[in-house]
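The values are calculated or read from the model by the stated rules, or taken from the named source; none is laboratory data. Since this is a predicted model, take the numbers as computed values, not measurements. Note that each Cβ is placed from the backbone with ideal geometry, even for glycine, and that neighbours are counted across all protein chains shown. Heads up: the accessible areas ignore ligands, DNA and RNA and are worked out on the full protein's heavy atoms, side chains in. Shrake-Rupley method; radii C 1.70, N 1.55, O 1.52, S 1.80 Å.
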Amino acid sequence: MADVAYDFSGRTVVVTGAGQGIGAVYARSFAAAGANTVVADLNRDNADAVSREIEAAGGTALAVGVDVSDEGAVGAMVDRTLAAFGSIAVLVNNAGLFTQLSRGRFDTLPVDEWRRVLDVNVTGSYLCSRAVLPAMEAAGFGRIIMISSGTILAGRPNFAHYTTSKMAVVSLARTMGRELGGTGITVNAVLPGLTDTGIEAAGIDDTVYDYIVGRQSIPRRQVPEDLVPAVMFLASEGSGFVTGQALLVDGGMSHTAV
Ligand SMILES: NC(=O)c1ccc[n+]([C@@H]2O[C@H](COP(=O)([O-])OP(=O)(O)OC[C@H]3O[C@@H](n4cnc5c(N)ncnc54)[C@H](O)[C@@H]3O)[C@@H](O)[C@H]2O)c1
């Protein structure tokens, strides 16, 4: 959990993929900043555990089991959220297939896996954004944040399904940002660098971390807490004139967002 100065009291924040890793840190941090926090994840047990932790720390949370690529399940998640808290101010589209994915040249990736990555990482973000929109439009306020990845900038070999999906959500943010410009709803993307969550990810070992840290301006491993203030800024009222942007949070490894 990051120590931040934002106050989200009275705001409802939905974080998808919040059962583990970076999403769990977003959820705990928003809850500590006063938000009614929806901990949504495919893994219901993990969502329950994070939600219980938040409640034990004095926060307010609702655990929801959801597959973000399933339109009906996403609709049910939004219905449950509105029944519990009455509004949705912030959606963090963090759920994604990342740690478990195969690596290989683009022509060797299993086609089923290619489709599943696009379905979860892109269509999932689209469906969740679409489902929260009526509540945000009714309130005249909303913050939608896509979690992209710094891997889209240089192209990460052997990870074409992932990098393609993460470029797509930046484009989605940009187009949605323009479409929603007059509604009080902003849509932005955050591009994290390689972030150490303590969870093993296929193809990422100490050699990879050392290589990445060596290319960063700030020479240490990125941790989930490094991302929280950027996400909270984009979730805050004060960022209302910022939309369609791609914000790199990578310790200064790259200097140009898309
Ligand atoms: N860790 C990194 O280095 C890094 C870097 C850049 C971007 N990201 C992105 O940040 C996000 C979180 O990354 P992480 O490292 O915590 O990953 P992670 O794999 O540890 O966590 C992802 C979470 O998403 C959930 N999820 C997967 N499919 C889902 C679905 N269909 N519906 C609902 N939930 C689903 C998983 O159950 C898991 O709890 C991802 O979008 C990832 O692509 C991570």
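Here 39, 74 are screened, and the one residue that is within 12 Å of the ligand (Cβ to nearest atom), more than 26 Å from residue 198 (Cα to Cα), under 17 Å from the mean Cα position of the chain (by Cα) and at pLDDT 95 or above is 74. Answer yes or no: is there a residue in the range 208-226 that is within 14 Å of the chain's Cα centre (by Cα) and closer than 26 Å to residue 130 by Cβ. No - not one qualifying residue is present in the range 208-226. The single residue among 169, 190 that is under 18 Å from residue 258 (Cα atoms), open to solvent by less than 20 Å² (accessible area, probe 1.4 Å), touching a Phe, Trp or Tyr at 6+ places or on another chain (Cβ under 9 Å) and among the β-branched types (Val, Ile, Thr) turns out to be 169.
Quick grid of which residues meet (1) open to solvent by less than 10 Å² (accessible area, probe 1.4 Å); (2) in contact (Cβ under 8 Å) with a residue 24 or more places away in the chain; (3) in a strand (DSSP E or B):
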site	(1), (2), (3)
5	no, no, no
27	yes, yes, no
34	no, yes, no
37	yes, yes, yes
50	yes, yes, no
55	no, no, no
100	no, yes, no
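Take the conditions (1) touching a Gly at 6+ places or on another chain (Cβ under 9 Å); (2) modelled with pLDDT of 95 or more; (3) open to solvent by 10 Å² or more (accessible area, probe 1.4 Å); (4) more than 20 Å from residue 170 (Cα to Cα); residue 150 misses just one of them, which is (4). When the residues of the range 219-241 are filtered to those that are assigned to a loop (DSSP other than H, G, I, E, B), exposed (fewer than 12 other Cβ atoms within 10 Å of the Cβ) and of a type outside the set (D, E, K, R), the one that is nearest to the ligand (Cβ to nearest atom) is 219.
Checked against (1) of a type in the set (A, V, I, L, M, F, W, C); (2) in contact with a Phe, Trp or Tyr (Cβ under 9 Å, 6 or more places away or on another chain); (3) assigned to a helix (DSSP H, G or I); (4) under 15 Å from residue 186 (Cα atoms), residue 117 meets all criteria but (4).
Residues satisfying the criterion are absent from the range 50-63 (criterion: closer than 22 Å to residue 191 by Cβ and within 14 Å of the ligand (Cβ to nearest atom)). Pairing each residue of the range 143-169 that is among the aliphatic types (A, V, I, L, M) with any residue that is outside any strand (DSSP E or B) and open to solvent by 40 Å² or more (accessible area, probe 1.4 Å), provided the two are 6+ apart or on different chains, yields C-beta distances under 6 Å for 152/167; 160/106.
Taken residue by residue, the range 116-127 has at least one member that is open to solvent by 30 Å² or more (accessible area, probe 1.4 Å), over 14 Å from the mean Cα position of the chain (by Cα) and of a type outside the set (Asp, Glu).
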